[in-house]
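Shown next, in structure tokens, is the structure this report addresses.
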Amino acid sequence: MSPKSQGFEGLDKETVEILNMWARFIYAPLMEDKTRRIQETNTGMYGRAVSEKVHVELRRLRGVKPPREFVLMDRAAIGLGSVFLHLKAEVNWYRLFHDLVADFDVDVLAKRQAEARKEARVSEAE
């Protein structure tokens, strides 16, 4: 997934490369079609090191404004990853992910969201 596909805007090549360091860490389990732990080490130290490096580099470039949905999904991924790390879960994350999204249809999702907004009387976000 590229930063642009996750809702980021106006990124230069260097910023994209830095964000991709984080993406490679977060999405690594989804990229290998094999049973594995969510993280190859038994501690969160590697993730912390990646996070710190990305943070330092983004600050050097004067930061980046992440979209709200990215922040939500990133925090969910880190939280769930911590749980799976603690449980020492060994799963084929690639297969699990692909099975979950196999029948995904963006048009069906958009229709359901529009219906939910209408029912809840919430205007479409800008």
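Condition first: more than 18 Å from residue 36 (Cα to Cα) and in a loop (DSSP other than H, G, I, E, B). Now tell me which residues in the range 89-126 satisfy that.
Once the filter is applied, which keeps residues that are more than 18 Å from residue 36 (Cα to Cα) and in a loop (DSSP other than H, G, I, E, B), the range 89-126 yields 102, 103, 104, 105, 121, 122, 123, 124, 125, 126.
Residue 47: in a helix (DSSP H, G or I), at pLDDT below 90 and within 16 Å of the chain's Cα centre (by Cα), yes or no?
Yes, satisfied.
What do you reckon, is residue 40 farther than 29 Å from residue 10 by Cα and of a type outside the set (A, V, I, L, M, F, W, C)?
yes
Residues in the range 19-37: is at least one within 28 Å of residue 91 (Cα to Cα), of a type in the set (Ser, Thr, Tyr), touching a residue at least 12 places away in the same chain (Cβ under 8 Å) and outside any helix (DSSP H, G or I)?
Yes, some residue in the range 19-37 is within 28 Å of residue 91 (Cα to Cα), of a type in the set (Ser, Thr, Tyr), touching a residue at least 12 places away in the same chain (Cβ under 8 Å) and outside any helix (DSSP H, G or I).
Return the residues of the range 1-18 that are modelled with pLDDT under 85, surrounded by fewer than 11 Cβ atoms within 10 Å (Cβ to Cβ) and part of a helix (DSSP H, G or I); say none if nothing qualifies.
5, the sole residue that qualifies.
Take the range 90-100 and flag every residue that is surrounded by 13 or more Cβ atoms within 10 Å (Cβ to Cβ) and either of a type in the set (Val, Ile, Thr) or more than 19 Å from the chain's Cα centre (by Cα) (or both).
Of everything in the range 90-100, just one residue is surrounded by 13 or more Cβ atoms within 10 Å (Cβ to Cβ) and either of a type in the set (Val, Ile, Thr) or more than 19 Å from the chain's Cα centre (by Cα) (or both), namely 91.
I need every pair where a residue in the range 58-72 that is in a helix (DSSP H, G or I) has its Cβ under 7 Å from the Cβ of a residue that is among the aliphatic types (A, V, I, L, M), sequence separation at least 6 or different chains.
58/18; 58/64
Evaluate the range 102-113: report whether one residue or more is more than 19 Å from residue 16 (Cβ to Cβ), of a type in the set (S, T, N, Q) and without any contact (Cβ under 8 Å) to a residue 60 or more places away in the chain.
Within the range 102-113, one or more residues are more than 19 Å from residue 16 (Cβ to Cβ), of a type in the set (S, T, N, Q) and without any contact (Cβ under 8 Å) to a residue 60 or more places away in the chain.
Could you tell me how many of the residues in the range 28-86 are loosely packed, with under 12 Cβ neighbours inside 10 Å and of a type in the set (Phe, Trp, Tyr)?
So the answer is 0.
The values are calculated or read from the model by the stated rules, or taken from the named source; none is laboratory data. Every value quoted in this text rests on a predicted model; they were computed, and no experiment measured them. Virtual Cβ from ideal backbone geometry, glycine too; neighbours counted across all protein chains shown.
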